[in-house]
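Engineer: To start, I am sharing the structure in question, which I have written as structure tokens.
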Amino acid sequence: MTGLVPMTGLVFWAELGIKMAVAAAAVPAIGMVIGYAEMKLSAHMQSRVGPYFAGGRYGWAQLIADGVKFIQKEDIIPAEADRPVFKWAPALVMLGTMALLVVIPLHPSRYGMVRDLDVGIFYALAVSSVSTIGVLMAGWSSANKYSMIGGLRAAGQLIAYELPLVLATVGVVIQAGTMSMQGIVQAQVAQSWPFMLTQFVGLAIFMTAALAELTRLPFDMPIAESELVMGYVTEYSGFRFLFFFLAEFANMFSMSAIAVTLFLGGYGFWGIPTDTLLSPLIVFAKVGILVFIMIWLRWTLPRFREDQLQTLAWKWLIPISIVNIIVTAVLKVVV
Amino acid sequence: MTFSDWLAEPVNWAFLALALPMTVAAVRVVTSRNVVHAALFLVLTLAASAGLFILLSAEFVAWVLVLVYIGAVIVLFLFGIMITRAPIGRETDLSHAGRWPAALASLAVLALTLWLITAVSGQVEGFDGPLPAVGVATDSAILGEGFIMRYLIPFEAVGFILLAALIGGITLARKDLTPAEEEEAERV
């Protein structure tokens, strides 16, 4: 029986600690940047100014002030709530979020991502589904009908859109011939055009399903303010609310980063060598474009109805993505 | 191999760290006084078994377990429980009358499994051989080839049986209404 060799070395533990610290620090950092962008962009789209005073100019410190405010707040747990489940639900949502950040490639070297798994994209899809349990836990344990309905809506929605999300990536995996995130980027760099050109159907389905998985407009029925107060987050306040809040923005980043890796060529860009320090900036720029589109859609489109949401997933997105897989597989063999 | 030899292997510490919580959670699944708690303990059990698969270098199987069981099956469980009835707090009518025969049956299954493993060990080629190195995942290309080439027909057969079971489940659970009853239901 061979031992778990790397586990005994101090280097292994030091490396693991650094990686975990980076992943843990990335979530609030990303959350603040995207949260600020959302505030400012939504304000300008509605002819408002948005955050203005915090930090002196442009309200850049607004999210830091918000964070400090959330941490200071009292940790309120409803009297009728199921305490352990209520307390652990935000942690589980955060777990799915942090685990997703691990496989995003920023640079071709081994320091460019936390871990290049052989089943990279499959891992990403698997861990992102863990958050659903957290959402259901939050909805049930709050002992509140709004929370409960929000949780149920979220679960129904996440089940429906997980399928197109997974199926949309299959075309890319067939074309690249690998599930490793680095491998997919390298395949696109090698052929010098992104998979977006051949897998545009996959990209459209992936981004639609990602919006639904993030429960953002036009798919935000689980937290529809006008119907459900705030859905499954209604009873949360202070630090635990902050977890849901940050997880949403960090998930926007990771979903966009996965889309960038799969469809937009990751850190590859024409004429720029991939092994420079520009690589992470290229990824962030591409992610920025996708995140901007998400914010733009949120402040442009009205909310779908629940039945329209389910119809879109089951009757349109899933059949189209299966056809996409068949066509890709046939072309892969023929061409 | 003595117990101290066994403990000297770091991989066995990882095994213990996964297997002990897993056993506790598995027992709590059936002893829990709240049906949602039971489902959540099942999540813990499945997560730990995914960890055990990773220890066995079967990374793909581990993530299939997470995606399919935790991400879909348990979510459907919770969804089903919550959409029907899911009171917070202890429930009194959860214990099944046949729990002692059930416990006996599961102990018998455990004994049978243990006996089988000890009986075949040494007789099957490669059973006592070296395990693959921990932390090195099985190449998914090998898995894919085995799946599509060698085990394609067993896979299709299992899929067919599952489909039949699903249709059977619907037929058994669904009660078709007579025309008179349908009218009644519409009026309500």
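The values are calculated or read from the model by the stated rules, or taken from the named source; none is laboratory data. Since this is a predicted model, take the numbers as computed values, not measurements. No Cβ is skipped: glycine too gets one built from the backbone with ideal geometry, and neighbour counts run over all protein chains shown. Surface areas here come from the heavy atoms of the whole protein model, side chains and all, with no ligands, DNA or RNA. Shrake-Rupley method; radii C 1.70, N 1.55, O 1.52, S 1.80 Å.
Engineer: What percent does the relative contact order of region A:53-166 come to when contacts are Cα pairs within less than 8 Å and at least six residues apart?
Structural biologist: Dividing the mean separation by the residue count of region A:53-166 yields 25 percent.
Engineer: When only C-alpha pairs under 8 Å and at least 6 residues apart count, what is the relative contact order of chain A, in percent?
Structural biologist: Rounded, it is 23 percent for chain A.
Engineer: Using the basic label-point model (7 angstrom from Cα toward the beta carbon), what is the B:Glu9 to B:Glu183 distance in nanometres?
Structural biologist: Simple spin-label model gives 7.3 nm for this pair.
Engineer: Just how large is the dipole of the protein assembly as shown about the Cα centre, in debye to the nearest 20, putting +1 at every Lys and Arg Cβ and -1 at every Asp and Glu Cβ?
Structural biologist: Here the size comes out at about 1040 debye.
Engineer: Counting only the heavy atoms of the protein chains, how much of B:Phe41 is accessible to a 1.4 Å probe, in Å² to the nearest 10?
Structural biologist: Using a 1.4 Å probe on the heavy atoms, I get roughly 50 Å².
Engineer: Compare the Cα positions of A:Leu10, A:Leu317, A:Val130 along the charge dipole of chain A (+1 at Cβ of Lys, Arg; -1 at Cβ of Asp, Glu; about the Cα centre) and return the one farthest towards the positive end.
Structural biologist: Value computed over the given set: A:Leu317.
Engineer: Indicate the gyration tensor shape class of the protein assembly as shown (rounded, prolate or oblate), computed on the Cα atoms with a ≥ b ≥ c the square roots of the eigenvalues: a/c under 1.5 is rounded; otherwise a/b larger than b/c is prolate and the rest oblate.
Structural biologist: rounded
Engineer: Give me the accessible area of B:Glu9, 1.4 Å probe, in Å² rounded to the nearest 10.
Structural biologist: It works out to around 40 Å².
Engineer: For chain A, what is the mean residue ellipticity at 222 nm derived from helices alone (per DSSP H run of n ≥ 4: -39500 (n - 2.57); sum divided by total residues; nearest 500 deg cm²/dmol)?
Structural biologist: -22000 deg cm²/dmol
Engineer: Then there's this: Could you let me know the centre-to-centre spacing of region B:27-72 and region A:126-199, using Cα atoms, in angstrom?
Structural biologist: 20
Engineer: Here's another thing I want to ask about it. Given a cut-off of 31 Å, name the pairs among A:Lys40/A:Lys286; A:Lys19/A:Lys315; A:Lys40/A:Lys69; A:Lys87/B:Lys175 whose C-alpha atoms lie farther apart than that in the structure shown.
Structural biologist: The answer is A:Lys19/A:Lys315; A:Lys87/B:Lys175.
Engineer: Okay, next question. Using a simple charge model, +1 on the beta-carbon of Lys and Arg, -1 on the beta-carbon of Asp and Glu, nothing else, what dipole does chain B show about its Cα centre, in debye to the nearest 20?
Structural biologist: Using only the charged Cβ atoms, the result is roughly 580 debye.
Engineer: Quick one: Karplus J couplings for region A:39-51, per residue in order, coefficients 6.51, -1.76, 1.60, θ = phi - 60°, nearest Hz, x for Gly and Pro?
Structural biologist: 4, 5, 5, 4, 4, 5, 5, 9, 6, 10, 9, x, x
Engineer: Loop-only check: which trypsin sites (Lys or Arg not before Pro) in region A:96-204 are DSSP coil with at most 10 other Cβ within 10 angstrom?
Structural biologist: Filter output for region A:96-204: A:Arg110.
Engineer: Now for a different question. In a shell of Cβ-Cβ distance under 14 Å around A:Leu158, excluding A:Leu158 itself, what net charge do Lys and Arg (+1) and Asp and Glu (-1) give?
Structural biologist: Computed value for this residue: -3.
Engineer: Over chain B, calculate the relative contact order: mean separation of alpha carbon pairs under 8 Å at least 6 apart, over the residue count, as a percent.
Structural biologist: 20
Engineer: Give me a comma-separated list of calculated 3J(HN,Hα) values for region A:308-321, in order, Karplus coefficients 6.51, -1.76, 1.60 applied at θ = phi - 60°, integers in Hz, x for any Gly or Pro.
Structural biologist: Going residue by residue, I get 5, 4, 5, 4, 4, 5, 7, 8, 10, 5, 5, x, 5, 5 Hz, with x marking Gly and Pro.
Engineer: Against the longest principal axis of chain A, how steep is helix A:130-141, in degrees 0 to 90 to the nearest 10, with axes from Cα atoms?
Structural biologist: 10
Engineer: Out of B:Leu107, B:Leu163, B:Leu20, any idea which swings most in a Gaussian network model of chain B, alpha carbons joined below 10 Å?
Structural biologist: B:Leu163
Engineer: Let me ask another. So if a site counts as exposed when it's one of the trypsin sites (Lys or Arg not before Pro), its DSSP state isn't H, G, I, E or B, and it has at most 14 other Cβ atoms within 10 Å, what's the longest stretch of chain B without one?
Structural biologist: My reading of the result: B:91-173 is the longest stretch.
Engineer: Taking all protein chains in place and a 1.4 Å probe, what share, in percent, of the accessible surface of region A:20-81 do carbon and sulfur account for?
Structural biologist: Solvent-exposed carbon and sulfur of region A:20-81 make up 67 percent of the total.
Engineer: Under a 10 Å cutoff between Cα atoms, tell me which one of B:Thr84, B:Thr45, B:Thr118 has the largest fluctuation in the Gaussian network model of chain B.
Structural biologist: B:Thr118
Engineer: On to the next question. Taking the dipole about the Cα centre of the protein assembly as shown, with the C-beta of Lys and Arg at +1 and of Asp and Glu at -1, give me whichever of A:Leu242, A:Trp60, A:Leu217 is farthest to the positive side.
Structural biologist: A:Trp60
Engineer: Using a 1.4 angstrom probe, figure out how much accessible area region A:148-265 has per residue, in square angstrom, rounded to the nearest whole.
Structural biologist: Accessible area per residue: 27 Å².
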